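Just so it is clear, none of the values below were taken in a lab; they were calculated from the coordinates. Because the structure is a prediction, the values reported are computed rather than measured. Positions of Cβ are generated from backbone atoms using ideal geometry, with glycine treated the same way; all protein chains shown enter the neighbour counts.
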């Protein structure tokens with residue numbers, strides 16, 4: 001195809017690129033973008049931190065509980081954290097609008113906090129994590145509500161007694 005034919009075809013069909021950032025643009029259906037973290041459904045296993053190939057996810061113990069940080073300027077949006085999260089507390093959105101000025105690079109962080117609580121059984125201080133959902137037989141809503149305010153030791157005791165009753 002010669003250059004004049006190509007020029008004429010492009011003149012009649014218009015541009016094939018999106019006018020971003022000056023106009024609307026589309027996002028692919030399965031696009032992997034910014035990370036969202038739901039602290040209420042997190043089990044506190046830190047599997048996402050260990051598996052993150054870029055080291056973008058960090059957990060840190062604080063006096064308030066366990067803090068979660070995902071640095072979007074380090075994240076490579078591979079989806080490993082979402083895929084391996086047992087509770088589904090990490091998910092990738094289709095938000096890809098992450099361009100920023102250099103002085104704003106420390107603001108591109110997804111923060112989350114799993115707060116401390118007092119165990120309803122023994123009174124010990126523990127993290128307010130979600131009970132494990134991949135148990136057999138599955139937990140009922142009543143069992144989940146009863147396990148939520150317990151520390152790990154009391155949860156293990158409850159689960160041992162639950163297996164003995166089965």
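Ranked from highest to lowest mean number of other Cβ atoms within 10 Å per residue, what is the order of the peptides 38-51, 132-145? Walk me through the intermediate numbers first.
Values: 38-51: 17.0, 132-145: 11.1.
Per-residue Cβ counts within 10 Å, averaged per peptide and sorted highest first, yield 38-51, 132-145.
Which whole-number percent gives the relative contact order of the chain, counting Cα pairs below 8 Å spaced six or more residues apart?
Details: 224 pairs, mean separation 38.3, N = 166.
Relative contact order for the chain comes out at 23 percent.
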- Among 18, 128, 73, residue whose mean-square fluctuation peaks in a GNM of the chain (springs only between Cα atoms under 10 Å): 18
- Note on the structure: Rounded to whole angstrom, the alpha-carbon centroid of the range 136-163 lies from that of the range 37-101 at a distance of 26
- Query: Which of (i) 15.8; (ii) 19.6; (iii) 10.2 is the computed mean projected area of the Cα convex hull in nm² for the structure on display?
  - Reply: (i)
- Task: Using only Cα atoms, tell me the angle between helix 152-165 and the longest principal axis of the chain; keep it within 0 to 90° and round to the nearest 10.
- Result: 70
- Note on the structure: Under the 7 Å Cα-to-Cβ spin-label approximation, residue 32 and residue 116 lie apart by a distance in nanometres of 3.6
- Query: Ranked from highest to lowest mean number of other Cβ atoms within 10 Å per residue, what is the order of the peptides 95-108, 113-126?
  - Reply: 113-126, 95-108
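Before rounding to the nearest 500, sum -39500 (n - 2.57) across all DSSP H runs of length at least 4 in the chain and divide by the residue total; then give [θ] at 222 nm in deg cm²/dmol. Let's see the in-between values first.
Working: 5 runs with 42 residues, N = 166.
Result for the chain: -7000 deg cm²/dmol, rounded to the nearest 500.
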- Taking a label point 7 Å from the Cα of residue 93 along the Cα→Cβ vector, which residues of the range 18-47 have an amide N closer than 12 Å to it? 33-38
- Report, to the nearest 10°, how far helix 3-13 tilts away from the longest principal axis of the Cα atoms in the chain, using its own Cα long axis and a range of 0 to 90°. 60
